[in-house]
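Below is one structure, written out as structure tokens; comments come after it.
Values quoted throughout were computed directly from the atomic coordinates according to the rules given, and no laboratory measurement underlies them. These figures come from a predicted structure and were not determined experimentally. Quick reminder, even Gly has a Cβ in these numbers, built from the backbone with ideal geometry, and neighbours come from all protein chains shown.
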Amino acid sequence: MKQELIHWLSMGGYSTYIWTAYGLVFMVFAANYYSAKRQQVRVQKTLQRWFSSSVFSSLKTPPEGV
Amino acid sequence: MSMWTFLYQLASPKIFYQRVGKMLPWLSALALSTLFIGLIWGLVFAPPDYQQGEAYRILYVHVPSAFLSVFLYASMGFLAILFLVWRIKIAGFLIRFVAQLGASMAFLALTTGSIWGKPMWGAWWVWDARLTSELILFLLYTAILATHQAMQTEEQGDKIVAILSLVGLIDLPIIHYSVYWWNTLHQGSSLSLFAKPKIAGSMLIPLMFCLFGFLFFCCWLILSKARTALLLRERQQSWVKQVQGEPS
């Protein structure tokens, strides 16, 4: 079982290339997911400020930066 | 309800927000399950290639990212037409979120291709027609994103990126036909919409799973990001205040 796993992980001698490529894909996917989650938190906070502040709600132009 | 009615109603920001909210859990489940099946199948159960051995397994991430980089750019062109010709504002609004994922896919296509190229061609990079046109696509994506960021208002940004997206469409046929027009190191297409696939069924099925996995993942994040940003843009509307505080 362990031998089989080691054999599979070695990918016929191409393990460095294959696992680097898959690792890169994982990192890019995770970064995109994380940026979407971070954006959600940021927008929620901005909107809470916007609705709670009478100064913001009387403005016609939304604040920049989100 | 017909497909066209459904799409037409999505042009309303409020309906877009509600419908997309219902679609997101399904899209995420589809993305994760197809990716899981495709990657496990491709890495464990698919047979090795007779020429490239195990190294060909990079195909399961390289082909989907390369396909998505082109497909997403074509979608941006379609959205740009909807925005500029039919004045559907939400289409223009969506372009930059498609560009964000498109840039990620083009980056992955270039890097995974480079990692695959080293053991197969003996070089990380060659100025081959396919590679160069894909690099131009990546630069187009980054230029579009930077331009949107540089504009004073988001509406102004939407218009400029719609025009830029249309101009950049010229690169898509160049990428596709580069392997036929020029004598390139890059191999021809393994998949085609109109011809029989040149790849064995045992390798093709996991590839299709990965392709759909990447597609669902991109759709999920594009719609999720756009839905969140829409709240901010529409904050003057009464429906935004209503949905504030509801679980997203």
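For the reader, a short list of remarks on this structure follows.
- Entry note: the range B:1-59 has Rg to Rh equal to 1.31, where both radii use alpha-carbon atoms and Rh is the Kirkwood radius.
- Length-normalised contact order of chain B in % [C-alpha pairs under 8 Å, at least 6 apart]: 32 percent
- Near residue B:187, once Lys and Arg are set to +1 and Asp and Glu to -1 for all other residues with Cβ below 10 Å from its Cβ, the sum equals +2.
- Distance histogram for the protein assembly as shown (every C-alpha pair counted, 20 angstrom bins, percent rounded to whole numbers): 29, 53, 17, 1
- Residue B:2 versus residue B:166: modelled label distance in nm, points set 7 Å from Cα along the beta carbon direction: 2.6 nm
- Three semi-axes of the equivalent ellipsoid, the range B:2-132, Cα gyration tensor, whole Å, largest first: 36, 20, 10
- Dipole magnitude of chain B about its Cα centre (Cβ charges: Lys, Arg +1; Asp, Glu -1), debye to nearest 20: 620 debye
- Divide the volume of the convex hull around the Cα atoms of the range B:33-80 by the residue count and you get 73 Å³ per residue.
- Hull volume in cubic angstrom per residue (convex hull over the Cα atoms of the range B:87-155): 88 Å³
- Sorted largest first, extent of chain B alpha carbons per principal axis (Å): 62, 35, 30
- Screening chain B for whole DSSP H helices of 30 Å or more along their axis (Cα) with average Kyte-Doolittle hydropathy at least 1.0 returns B:59-84, B:129-150, B:201-233.
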